Amino acid sequence: MAEKSKLNLNRVPIPKQAPEVRKRNFNEVALGYADEKALEEASRCIACKKPGCKEGCPVNVDIPEFIKAIEEGNMPEAVRILKSKNSLPGICGRVCPQESQCEMTCNLAKKGAPIAIGRLERYVADWERAHPEITKQQKGQISFNDKKVAIVGSGPAGLTCAADLAKLGYRVTIFEALHVAGGVLMYGIPEFRLPKIIVQGEVDYVKSLGVEIKLDNVIGKIATVDELLENGFDAVFLAPGAGAPMFLDIPGENLSGIYSANEFLTRTNLMKAYRFPEYDTPIQVGRRVAVFGAGNVAMDASRCALRLGAEEVYIVYRRSKAEMPARLEERENAEEEGVIFKLLTNPSKFLGDERGRVKAVELHEMELGEPDASGRPRPIRKPGSEFIMEIDTAVPALGTRPNPIIPSTTRGLKLTKWGTILTDEVTGRTSKDRVWCGGDMATGAATVISAMGAGRRAATDIDTRLRNSN
Amino acid sequence: MYKILKREVLVPNTVYLKVEAPEIARKAKPGQFVILRVDEVGERFPLSLTGWDKKEGAVEVLFLIMGRSTMKLSSLGEGDCIMDVVGPLGRPTEIESYGNTMCVCSTFGVGPAITLVKALKEKGNKVVSVMEAKDETYLFWEDRLKSVSDETHVVLGDGSRGKHRQASQFVKEYLESGNKLDRIFIFGRVFTMMECSQATKPFGVKTIVGLTPIMVDGTGMCGCCRVSVGGETKFTCVDGPEFDGHLVDWELLIKRKRAYLIEEARAFDLWQLDNLRRIAELSELPERVSVV
Ligand SMILES: Cc1cc2nc3c(=O)[nH]c(=O)nc-3n(C[C@H](O)[C@H](O)[C@H](O)COP(=O)(O)OP(=O)(O)OC[C@H]3O[C@@H](n4cnc5c(N)ncnc54)[C@H](O)[C@@H]3O)c2cc1C
Ligand SMILES: Cc1cc2nc3c(=O)[nH]c(=O)nc-3n(C[C@H](O)[C@H](O)[C@H](O)COP(=O)(O)OP(=O)(O)OC[C@H]3O[C@@H](n4cnc5c(N)ncnc54)[C@H](O)[C@@H]3O)c2cc1C
Ligand code: SF4
Ligand code: SF4
Ligand code: FES
């Protein structure tokens, strides 16, 4: 590697589609580094003796090492290093909240120019996808043992656990409720942020390891967890996510034209309503859309609404900008595309027309008071500040709770007071013998990378347990 | 892929299918439904289970041709495959020894009604069945329902069988003449369910209805199927589909069911244009009928 004479603090920007163009199409917004740009960014890494970056990554990717491989032009090696810790780099590179993880703890962050680790990760994954012959060589032959593991849910937690166990020789079957595998990556996160072809690629890779994926299988209905254990599975890993939507719980919320973010995004992404009537599933957006909440989900919903043809899209949030939970990058993308932020504002009721469709929402202003249990200032309603905003569509994007189907049909699973399954953080064990859990079902709504990490830890513990069982 | 083993056009707008799905057949119970997706571009939509055959590994459904999805489904023949069939979804019907029970059904409700009547009989209940149809042309499976019920009454909309034109009128008169019912179940058109619920309310008869809001996933993930029951919002796919008919907000259900009328008509017309040949090949030309 060339000597680094002085620090280069010019982070290489990633090319994007122009806002006025992209806000009307579903193609990916960020276009990815070209080779020379990736090299330029990689060469900014100073290969720290004590690399802060690694500590910020929930799965401890060997960041300086894979960056060095890029710099040396040894892409197969970069792929190998990356994949030894992170089996879904094409996804994480795109959707990890890097600014609060690896890039926050990069030693250059203090100087305001952390290495663009996520973008480099994405670059390596995209290179791999363009050179499929390389991974084929690396995979080698797997010899199966006679142990069977069932995995419930094919989101990042389930896919990671499946891949790890398959590599160790277990016979793995994933049961997935929907008609495609991928979980939130498929039905929630929109195409323009995470192209489905990339998720499909990762799913195909997991299948190529010999994992069987049974779609259209709702565990708890077609078979219970207990039945899986009785019918030949040695272990079960539960990764059903936290898919049940929350609503505002205010009058008028059941009017037509009010969609939970889950429904809005599922219709759009999974069912491809943006291609209606070529695809059969319809969606209605109208002219004015109000999205309630300010997390990643709200950003995704508002940006989808624009792309579905809405003229004005509002994010209505009861706290201020500083408290918005969405990633900075997504917030900026939304702003650039023209999403309007109505901060310190909260809805009190929806008003409908004679056909039962929403036509307006009553909003009121808020002030910030003392910090509440979450440590954020408590929003308080300003008396007499009510006003009416006409809307055609409303999307409450308030987060999700665990779906009760698994807990209510499985004997002896202890739950937490939030309805999540009580799970040991390190091993993924639950209160039930031979049953592990991970991802959003164990933690509540979190991130792709933390779900992956949980899948990986559970795979390790399942392996230890089953290896020692005879 | 789920293979169609048997197909029958029951009446001009209603088709019966038996579909290979051994795992669903093994677990199915009365009151449950499946979600189907006919092809790659298809929407997800629910159909009640009309029966299941554990030995043959098959489930049965029957459906009214309403729009694009059901039309598409009706255009498949024996040996063809449905892309996705998910189930059994929803909570099974609560079946106990109630005593005197009644089962009312209209249109596709005949399917779920027959499975329920059988199960009610097994628990020792007396079951009076009431079937409602527009006229003789649209009446099917009368003999089947008769063979499992203690008593069966047919009510036709043209008044050609007895004096009643709606099942709700029959129910009302039945109760007014002093007959006792411990529980009544109603399946099929929303109007049948709503009006029968209104008829039983003054008599305090526990009334169970199988609601049919628009659904997407059918697993509690989207909230599209929300209904209001006793002032509380419920998700039909996981909390239902059966609820107390006296507590259902019918107006809301009907309005939500009609939310996509324009889009549905457009999708239906476009599909028909693209498939004129296929439609012509189908023996009976289906008629579009409203179930709300
Ligand atoms: C719109 C949206 C945007 C997001 N954006 C980001 C982001 O930018 N960055 C980030 O890091 N995180 C993001 N997240 C969060 C992230 O997607 C989740 O934390 C992560 O997907 C959780 O993974 P999981 O494997 O636990 O579950 P999921 O991804 O939820 O997958 C669970 C799977 O299990 C299936 N399932 C459920 N119940 C059953 C059952 N009974 N039987 C069979 N299968 C079942 C479900 O259908 C689903 O496919 C976002 C989430 C949403 C909703
Ligand atoms: C639990 C449940 C059980 C049902 N069982 C049966 C049955 O056994 N036989 C039967 O014929 N019908 C049944 N239905 C109704 C059936 O799902 C709809 O008739 C069907 O989806 C119509 O689709 P379409 O595209 O042909 O018609 P469209 O033209 O799209 O719609 C016609 C009407 O059907 C309803 N509908 C549309 N899309 C959906 C959807 N995704 N989910 C639910 N309803 C929708 C709407 O009210 C709409 O106005 C059931 C519905 C539910 C919720
Ligand atoms: S997995 Fe996520 S947190 Fe870890 S290095 Fe990659 S982008 Fe950063
Ligand atoms: S902390 Fe930053 S500069 Fe240091 S090795 Fe990690 S990525 Fe490179
Ligand atoms: S259909 Fe989605 S929650 Fe019931």
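Only a single item in (1) touching a strand residue (DSSP E or B) at 6+ places or on another chain (Cβ under 7 Å); (2) open to solvent by 10 Å² or more (accessible area, probe 1.4 Å) is not met by B:Pro22, and it is number (1).
Just one of the listed residues (A:Arg267, A:Arg327) is away from every other protein chain (no Cβ under 14 Å), within 23 Å of A:Arg193 (Cα to Cα) and within 23 Å of the chain's Cα centre (by Cα), namely A:Arg327. Being within 6 Å of ligand 2 (Cβ to nearest atom) and within 13 Å of another protein chain (Cβ to nearest Cβ) is the filter here, so list the residues in segment B:55-70 that pass it. Listed by number, the residues that qualify are B:Met66, B:Gly67, B:Arg68, B:Ser69, B:Thr70. With a requirement of 3 or more residues that are of a type in the set (D, E, K, R), the helices (runs of 4 or more DSSP H) lying completely within segment A:1-95 that satisfy it span A:35-42, A:63-71, A:75-85. Cβ-Cβ contacts under 7 Å between residues 6 or more apart (or on different chains), taken from a first residue in segment B:238-267 that is closer than 30 Å to A:Ile406 by Cα and of a type in the set (Phe, Trp, Tyr) to a second residue that is open to solvent by less than 20 Å² (accessible area, probe 1.4 Å) and away from ligand 3 (no atom under 16 Å from the Cβ), are listed as B:Phe243/B:Val209; B:Phe243/B:Leu211; B:Phe243/B:Val229. So, in segment A:317-340, how many residues would count as being among the hydrophobic types (A, V, I, L, M, F, W, C), surrounded by fewer than 17 Cβ atoms within 10 Å (Cβ to Cβ) and free of Cβ contacts under 8 Å to residues at least 40 places away in the same chain? Looking only at that region, the number is 2. What number of residues within segment B:71-91 satisfy the criterion of being away from every other protein chain (no Cβ under 11 Å), within 18 Å of the chain's Cα centre (by Cα) and of a type outside the set (A, V, I, L, M)? The number of residues fulfilling the criteria is 1.
Considering A:Asp146, A:Asp126, the condition of being away from ligand 1 (no atom under 16 Å from the Cβ), in a loop (DSSP other than H, G, I, E, B) and more than 14 Å from every other protein chain (Cβ to nearest Cβ) is satisfied by A:Asp146 alone.
Might you check whether a residue that is β-branched (Val, Ile, Thr), within 28 Å of B:Thr70 (Cα to Cα), assigned to a helix (DSSP H, G or I) and out of contact with any Gly (no Cβ under 9 Å at 6 or more places or on another chain) occurs anywhere in segment B:132-144? Looking through segment B:132-144, at least one residue is β-branched (Val, Ile, Thr), within 28 Å of B:Thr70 (Cα to Cα), assigned to a helix (DSSP H, G or I) and out of contact with any Gly (no Cβ under 9 Å at 6 or more places or on another chain).
Which one of these is within 26 Å of A:Ala177 (Cβ to Cβ) and not in a loop (DSSP other than H, G, I, E, B): A:Ala394, A:Ala445, A:Ala360, A:Ala459?
Values: A:Ala394 fails: within 26 Å of A:Ala177 (Cβ to Cβ); A:Ala445 fails: not in a loop (DSSP other than H, G, I, E, B); A:Ala360 fails: within 26 Å of A:Ala177 (Cβ to Cβ).
Criteria check complete, one pass: A:Ala459.
Could you tell me whether segment A:170-183 includes any residue that is away from chain B (no Cβ under 14 Å) and open to solvent by 10 Å² or more (accessible area, probe 1.4 Å)? Yes, the conditions are met somewhere in segment A:170-183. Which pairs do you get when a residue that is not assigned by TED's automatic domain parsing to the domain that holds B:Lys18, found in segment B:67-83, comes within reach of a residue that is buried (at least 22 other Cβ atoms within 10 Å of the Cβ) and part of a strand (DSSP E or B), reach meaning Cβ atoms under 9 angstrom, with the pair 6+ apart or on two chains? As it stands, the answer is none, since no pair meets every condition given. When restricted to residues that are within 13 Å of ligand 5 (Cβ to nearest atom) and either more than 19 Å from A:Ile391 (Cα to Cα) or touching a residue at least 24 places away in the same chain (Cβ under 8 Å) (or both), segment A:236-272 contains 15. Screening segment B:236-246 for residues that are surrounded by 15 or more Cβ atoms within 10 Å (Cβ to Cβ) and away from ligand 1 (no atom under 16 Å from the Cβ) and picking the one that is nearest to the other protein chains (Cβ to nearest Cβ) gives B:Thr236. Checking every residue in segment A:125-136 against the condition of being within 24 Å of A:Lys272 (Cβ to Cβ) and modelled with pLDDT under 90 gives at least one match. Residues of segment B:58-90 that are away from ligand 5 (no atom under 16 Å from the Cβ) and in contact with an Asp or Glu (Cβ under 6 Å, 6 or more places away or on another chain): B:Ala58, B:Gly67, B:Arg68, B:Met83. Picking from residues in segment A:33-80 that are acidic (Asp, Glu) and more than 15 Å from ligand 3 (Cβ to nearest atom), the one that is nearest to the other protein chains (Cβ to nearest Cβ) is A:Asp35.
So that you can scan it fast, the table gives a plain yes or no per residue for (1) open to solvent by less than 10 Å² (accessible area, probe 1.4 Å); (2) within 27 Å of B:Glu142 (Cα to Cα); (3) within 17 Å of the chain's Cα centre (by Cα):
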site	(1), (2), (3)
B:Thr152	no, yes, no
B:Phe185	yes, yes, yes
B:Val209	yes, yes, yes
B:Gly223	yes, no, no
B:Trp250	no, no, yes
B:Lys257	no, no, yes
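Screening B:Thr233 against (1) touching a residue at least 12 places away in the same chain (Cβ under 8 Å); (2) within 7 Å of chain A (Cβ to nearest Cβ) leaves a single unmet condition, (1).
Does A:Gly399 satisfy the criteria of being within 13 Å of ligand 1 (Cβ to nearest atom), in contact with a Cys (Cβ under 9 Å, 6 or more places away or on another chain) and under 24 Å from B:Cys222 (Cα atoms)?
Details: within 13 Å of ligand 1 (Cβ to nearest atom): yes; in contact with a Cys (Cβ under 9 Å, 6 or more places away or on another chain): no; under 24 Å from B:Cys222 (Cα atoms): yes.
For A:Gly399, the condition - within 13 Å of ligand 1 (Cβ to nearest atom), in contact with a Cys (Cβ under 9 Å, 6 or more places away or on another chain) and under 24 Å from B:Cys222 (Cα atoms) - is not met.
Residue count for segment A:192-210 under the criterion of being crowded, with 21+ Cβ neighbours inside 10 Å and in contact with a Phe, Trp or Tyr (Cβ under 9 Å, 6 or more places away or on another chain): the result is 1.
Checked against the criterion of being at positive phi, in contact with a helix residue (DSSP H, G or I) (Cβ under 9 Å, 6 or more places away or on another chain) and of a type outside the set (Ser, Thr, Tyr), the candidates A:Gly352, A:Gly428 yield just one match: A:Gly428. The set of residues in segment A:422-450 that are away from chain B (no Cβ under 14 Å), within 11 Å of ligand 1 (Cβ to nearest atom) and open to solvent by less than 10 Å² (accessible area, probe 1.4 Å) comprises A:Cys437, A:Gly438, A:Gly439, A:Ile449. Across segment A:34-43, the qualifying residues are those that are surrounded by fewer than 21 Cβ atoms within 10 Å (Cβ to Cβ) and not hydrophobic (A, V, I, L, M, F, W, C), and the one among them that is farthest from ligand 5 (Cβ to nearest atom) is A:Ser43. Per the conditions (1) within 28 Å of A:Val206 (Cβ to Cβ); (2) free of Cβ contacts under 8 Å to residues at least 60 places away in the same chain; (3) open to solvent by 20 Å² or more (accessible area, probe 1.4 Å), the sole criterion not satisfied by A:Gly56 is (3).
Of all residues in segment A:106-119, which are more than 9 Å from ligand 4 (Cβ to nearest atom) and either among the hydrophobic types (A, V, I, L, M, F, W, C) or not in a loop (DSSP other than H, G, I, E, B) (or both)? Those that are more than 9 Å from ligand 4 (Cβ to nearest atom) and either among the hydrophobic types (A, V, I, L, M, F, W, C) or not in a loop (DSSP other than H, G, I, E, B) (or both): A:Lys110, A:Lys111, A:Ala113, A:Ala116, A:Gly118, A:Arg119. Taking every residue in segment B:11-27 that is within 14 Å of another protein chain (Cβ to nearest Cβ) and in a strand (DSSP E or B) and pairing it with any residue that is open to solvent by 10 Å² or more (accessible area, probe 1.4 Å) and among the charged types (D, E, K, R), at least 6 positions away or on another chain, the pairs with Cβ-Cβ distances below 8 Å are B:Val19/B:Lys3; B:Val19/B:Glu60; B:Glu20/B:Lys3.
The values are calculated or read from the model by the stated rules, or taken from the named source; none is laboratory data. Keep in mind that what you see is a predicted model, and the values were worked out from it rather than measured. All Cβ positions, even for glycine, are placed from backbone atoms using ideal geometry, and neighbour counts span all protein chains on display. Side chains are part of the model used for accessible areas, which takes the heavy atoms of the whole protein and leaves out ligands, DNA and RNA. Shrake-Rupley method; radii C 1.70, N 1.55, O 1.52, S 1.80 Å.
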